[in-house]
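Only one structure is covered here, and it is reproduced in the block below.
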Amino acid sequence: MATLLHLDSSPMGAASVSRHLSNTFVENWKKAHPGGTVVTRDLTKSGLVSITAEWVAAAYTPAEQRTAEQKAVLAKSDELLAEIDAADELAIGVSMHNFNIPSVLKLWIDQVVRVGRTFAYVDGAPKALLAGKKARHGCGWDPRAEAGGGESGAGQGSL
Ligand SMILES: Cc1cc2nc3c(=O)[nH]c(=O)nc-3n(C[C@H](O)[C@H](O)[C@H](O)COP(=O)(O)O)c2cc1C
């Protein structure tokens, strides 16, 4: 059975445009995949933290040589990666914050982009190791802000 991983990154709760978009996508996905599984992760409530020098050192240490401390440092990353591994598709609700993605989504990306796990260096160039997964995103932004109008409040996007 198909599995969808649904991520949201807006802090705006029920008022969020991107959450509305991703929720709409999920409802349509469920209709198209009767019996499918949806795993939901709210990145604003996931307690994600920045990666550290210890995190990088642990990631670059071969799995079989990691200390208990290094395994603990990578525990949250392992949890997030297991969710990706189990998913056939990803749906990501993304707000536009200061011409960028929300910081919680960047924290998630930093935790799941991991050498030897989601990418590897082949002939000196990074090669993606996740194959066959579709990722879609619904983005909320303010077209007036993007046009230099200086106002905010409205949002739009597609998933
Ligand atoms: C802190 C903050 C920063 C924002 N920065 C931008 C921006 O750089 N460009 C833009 O078009 N809209 C910007 N906006 C407007 C949001 O993108 C818009 O409100 C959108 O609906 C946010 O998605 P959400 O409703 O899912 O949270 C910003 C809004 C907030 C609260």
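Points worth noting:
- All positions within the range 62-101 that are out of contact with any helix residue (DSSP H, G or I) (no Cβ under 6 Å at 6 or more places or on another chain) and hydroxyl-bearing (S, T, Y): T67
- In this entry, G140 is excluded by the filter for residues that are crowded, with 17+ Cβ neighbours inside 10 Å, closer than 16 Å to R19 by Cα and within 14 Å of the chain's Cα centre (by Cα).
- Among all residues of the range 26-40, there is none that is more than 13 Å from T3 (Cβ to Cβ) and within 16 Å of the ligand (Cβ to nearest atom).
- Applying the set (1) within 16 Å of the ligand (Cβ to nearest atom); (2) in contact with a helix residue (DSSP H, G or I) (Cβ under 7 Å, 6 or more places away or on another chain); (3) in a helix (DSSP H, G or I) to L21 leaves exactly one unmet item: (2).
Rundown of residues vs (1) of a type in the set (S, T, Y); (2) buried (at least 18 other Cβ atoms within 10 Å of the Cβ); (3) closer than 30 Å to P143 by Cα, yes/no style:
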site: M12; (1), (2), (3): no, no, yes
site: A15; (1), (2), (3): no, no, yes
site: V39; (1), (2), (3): no, no, no
site: P62; (1), (2), (3): no, no, no
site: R66; (1), (2), (3): no, no, no
site: S77; (1), (2), (3): yes, yes, no
site: D85; (1), (2), (3): no, no, no
site: H97; (1), (2), (3): no, no, yes
site: N100; (1), (2), (3): no, no, yes
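- Scanning the range 41-60 for residues that are exposed (fewer than 11 other Cβ atoms within 10 Å of the Cβ) and outside any helix (DSSP H, G or I) returns G47, S50, T52.
- For the range 77-86, the criterion of being more than 16 Å from the ligand (Cβ to nearest atom) and of a type in the set (V, I, T) is met by at least one residue.
- Checking each residue in the range 1-18 for being under 12 Å from the mean Cα position of the chain (by Cα) and away from the ligand (no atom under 16 Å from the Cβ) picks out only L5.
Only the coordinates and a few stated rules stand behind these numbers; no lab work does. Note that this is a predicted model, so its numbers are computed, not measured. Quick reminder, even Gly has a Cβ in these numbers, built from the backbone with ideal geometry, and neighbours come from all protein chains shown.
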